[in-house]
């Protein structure tokens with residue numbers, strides 16, 4: 001008797017056109033999400049690493065160029081800068097010295113000619129932070145701050161002169177020279193070197209947070225317009241450092257004040 005063979009039916013399921021479109025759309029969406037993630041990571045790396053490296057290298061070269069120029073002798077008088085207004089949109093003597101007005105050391109030099117716009121003309125050093133940065137005229141981002149420079153507020157005093165030598169610097173990205181100025185304490189020394197002299201300022205007061213529009217902090221006699229109890233009340237020889245706070249934002253400003261305590265001609 002012949003055995004009967006049974007065939008097992010094979011059912012072939014075909015994807016409908018709608019299903020194929022849905023799968024293709026999901027796959028394309030996943031690729032776009034991955035691509036977007038990679039692009040965002042590259043942008044973050046560019047902002048947090050590359051801009052810092054690029055700006056720091058450029059700032060270091062500028063410091064060396066300034067020092068070489070000073071060693072070669074006096075330069076021609078620079079042009080008068082164009083006007084620029086206001087605080088950046090970003091940012092007394094040591095305790096026991098007995099003076100709030102920041103009286104200078106004897107033997108001040110005559111006021112040098114005003115530097116050209118965006119020109120680096122001084123070197124700021126903060127030993128406590130291991131910071132050395134060029135100081136340029138103006139507070140524009142592209143021309144000054146994004147180069148890793150410290151920017152001098154127009155219409156404030158020049159180093160070693162009566163009034164308030166006020167400067168701004170980035171706290172994050174583009175060299176971030178003022179990243180750690182929140183660590184400065186009363187008695188810390190800050191030097192500003194120019195072609196004419198080296199000026200030493202001593203940190204006296206800090207303001208952890210104030211409005212970005214608080215112009216009183218860079219006035220000739222610096223005093224906060226927001227927290228009126230913080231600042232100084234008598235004319236003197238002041239240094240003001242300003243930067244953004246909290247980190248990675250530009251909502252508020254962090255302020256460090258110092259007064260002139262020594263001057264050494266070059």
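Here residue 248 and residue 71 are evaluated by their C-beta separation; at R0 = 51 Å the FRET efficiency comes out at 0.85.
Note on residue 213 and residue 155: their simple-model spin labels are 1.6 nm apart, each label 7 Å out from Cα toward Cβ.
Label positions at residue 226 and residue 141, each projected 7 Å from the Cα along the C-beta direction, are separated by 1.9 nm. With the alpha-carbon atoms of the stretch 197-266 aligned to their principal axes, the span from lowest to highest coordinate is 39, 28, 15 Å, starting with the largest.
Here the contact order of the stretch 109-220, divided by its residue count and restricted to Cα pairs under 8 Å and six or more residues apart, works out to 22 percent. For residue 262 and residue 19, what is the calculated FRET efficiency with R₀ set at 51 Å and r taken between the beta-carbons, to the nearest 0.05? The computed FRET efficiency comes out at 0.05. Sorted on the mean count of surrounding Cβ atoms within 10 Å across their residues, most packed first, peptides 160-173, 120-133 read 160-173, 120-133.
Which ordering of 147, 141 is given by a fewest-first count of other beta-carbon atoms within 10 Å?
Values: 147 23, 141 14.
Going from sparsest to densest Cβ surroundings: 141, 147.
Can you list the residues of the stretch 128-155 with backbone N under 18 Å from a point 7 Å past the Cα of residue 57, pointing along Cα to Cβ? The answer is 134, 146-149.
Which ordering of 240, 191 is given by a fewest-first count of other beta-carbon atoms within 10 Å? Display every interim value, and only then the final one.
On the way: 240 25, 191 17.
Ordered from fewest to most neighbouring Cβ atoms within 10 Å, 240, 191 come out as 191, 240.
Every number here is computed from the coordinates shown, using simple stated rules; none is lab data. A quick note: this is a predicted structure, and the numbers were derived from the prediction, not measured. Note that we place each Cβ from the backbone using ideal geometry, even for glycine, and neighbour counts take in every protein chain shown.
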